[in-house]
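Student: Have a look at the structure that comes next, please.
Just so you know, all these numbers are worked out from the coordinates, no wet-lab data involved. Just so it is clear, the model here is predicted, and its values are computed rather than measured. Neighbour counts run over all protein chains shown; Cβ positions are idealised from the backbone, glycine included.
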Amino acid sequence: MITPHPRRVAVVHDWLLDFSGAERVLAEILRCYPDADLYALFDHMQDRDRARLGGQRARTTFLQNMPGIASRHQLYLPLMPLAIEQLDLTGYDLVISSSHAVAKGVIVAPDTLHVCSIYSPMRYAWDMQFTYLEAGGMQHGLKGALARVLLHRLRNWDHRSAAGVDRFVADSRFVARRVLKSYRRHADVIYPPVDTEQFVVGTDKGDYYLTVSRLWPYKRVDLIVQAFAALPDRKLIVIGTGPDFARLKRMATPNVELLGYQPEPVVREHMQRARAFLFAAIEDFGIVPVEAQACGTPVIALGRGGAAETVLDLDGTAPPTGVLFREQTPQALTEAVRRFEAEAHRFTAAACRRHAESFAAGRFRAEFGTYVESAWTEWKARLG
């Protein structure tokens, strides 16, 4: 008996503002299901970014026209669980939620298959709660107390709403462990797509190390800047902007250059010419280190989170593509830089590029499409 394909498909994303990591995955999901209807809490994406989603506009919730939603959407976090539950998904055979916040909380019919592509359980509500409270200056006082009550309620809702998901797909083993810890649910792993085609291997190497990041405290660019204070004869270039820019500027020693925001062609050129790319954050996956490897550039990264799965360390059996350091300290990074230089002969641009291509977008579409097709076949067999 041939199992019919799902006739009506809905894809639900948290919100549409810019085109970053989650939206790259969303774009490839929509390429797998070009006839799917797109939903989101709100959609204020600019046209140049929307083109990368095939020009699709999302069907939205009552949050769409709330004052300041495009610039300060965090203020509406208490309303997001209610809003996502108001999306009417009646009549769909398959719902795919693309979720880093509340999208997985949509309500679907008993005979609808719900597959959640999850980037992480809400980090600010679970294991990174205290990091976010500190970054927002909310450790104490009435503001902090109210934030903790809100996060407690979000955790309860988040855990409960996970019961409505039939299959979880995590973008790394690290995220799969978070899903298990937060929801007590298994998640299969499909690594997210990286657009390796827009990068080429650099042939003219410079004398600098590079990091590219949004400058938020949890990204730990400060750790990298501090490490290079102890390496005054090495040059560090930092590309990116964010709330931490002014603080990092004050910390920077003469061998550290902060370039702020730079357009994509400039970022690619710096990646191609860098001696190595530096990464000190604990990320769910971390696309930028893979992009650096696609340029033929080795990566020196904290060996926790997604980077531990995307960088081939010196201690492994495969040709290495970087050096992983174990402690999130400036001293550990300094030692990793020195180790990288001592073992520089072991790194090749070809090995870095070859490894990066294993995360290419075409691979993601093939794996995700096959996965959902298998889940659908099993689902229909259960329904009879």
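Student: Rank by packing, highest mean first: peptides 190-196, 296-302, with packing defined as the count of other Cβ atoms within 10 Å averaged across residues.
Tutor: Top of the packing list down: 296-302, 190-196.
Student: Moving on. Tell me the net charge near Trp157. Cut-off is 12 Å between Cβ atoms, Trp157 excluded, with +1 for each Lys or Arg and -1 for each Asp or Glu.
Tutor: Taking every Cβ under 12 Å from that of Trp157, the sum is +2.
Student: Let me ask something additional. Here are some values of Cα extents along the principal axes in Å: [x] 66, 57, 39; [y] 63, 47, 39; [z] 67, 53, 35. Which one was computed from this structure?
Tutor: It is the one labelled [x].
Student: Give a residue-ordered list of calculated ³J(HN,Hα) values for region 84-93 (Karplus: 6.51 cos²θ - 1.76 cosθ + 1.60, θ = phi - 60°; whole Hz; x for Gly, Pro).
Tutor: Once θ is set to phi - 60°, the couplings for region 84-93 become 5, 6, 8, 5, 8, 10, 4, x, 8, 7 Hz.
Student: Compute log10 of I(q)/I(0) for region 196-359 with the Debye formula, placing one identical point scatterer on every Cα and leaving out solvent, at q = 0.13, 0.14, 0.17 Å⁻¹, to two decimals.
Tutor: -0.53, -0.62, -0.95
Student: If you don't mind, another one. So for each of 325-333, 202-210, 20-28 I average, over its residues, the number of other beta carbons within 10 Å; can you give me the resulting order with the highest mean first?
Tutor: Per-residue Cβ counts within 10 Å, averaged per peptide and sorted highest first, yield 20-28, 325-333, 202-210.
Student: List, in order, the whole-Hz ³J(HN,Hα) value for each residue of region 189-202 obtained from phi through the Karplus relation with A = 6.51, B = -1.76, C = 1.60 and θ = phi - 60°; use x for Gly and Pro.
Tutor: Values per residue, Gly and Pro as x: 10, 10, 5, x, x, 10, 7, 5, 5, 7, 10, 10, 6, x Hz.
Student: Among Val267, Val212, which comes first, second and so on when ranked by fewest other beta-carbon atoms within 10 Å?
Tutor: Listed from fewest to most nearby Cβ atoms, that is Val267, Val212.
Student: Order by neighbour count: Arg7, Arg268, fewest other Cβ atoms within 10 Å first, most last.
Tutor: Listing Arg7, Arg268 from fewest to most nearby Cβ atoms yields Arg7, Arg268.
Student: Mind listing the long-range amide H neighbours of Gln262? Cut-off is under 5 Å, sequence gap 5 or more, other chains count too, H placed in the peptide plane at 1.01 Å from N.
Tutor: Under 5 Å from the amide H of Gln262: Gly240.
Student: Moving on. Sum -39500 (n - 2.57) across every DSSP H segment of at least 4 residues in the chain, then divide by the residue count to get the 222 nm mean residue ellipticity, nearest 500.
Tutor: Counting only the DSSP helices, I get -11000 deg cm²/dmol.
Student: With θ set to phi - 60°, apply the Karplus curve 6.51 cos²θ - 1.76 cosθ + 1.60 along region 311-316 and write out the HN-Hα couplings as whole Hz, x wherever there is a Gly or Pro.
Tutor: 3J(HN,Hα) across region 311-316, in whole Hz: 10, 8, 6, 4, 7, x.
Student: So which residue, out of Ala356, Ala170, Ala366, gets the largest mean-square fluctuation from a GNM of the chain using Cα contacts under 10 Å as springs?
Tutor: Ala366
Student: Quick one: work out Rg over Rh on the C-alpha atoms of region 22-91, Rh as Kirkwood radius.
Tutor: Details: Rg = 12.9 Å, Rh = 13.2 Å.
Ratio value, two decimals: 0.98.
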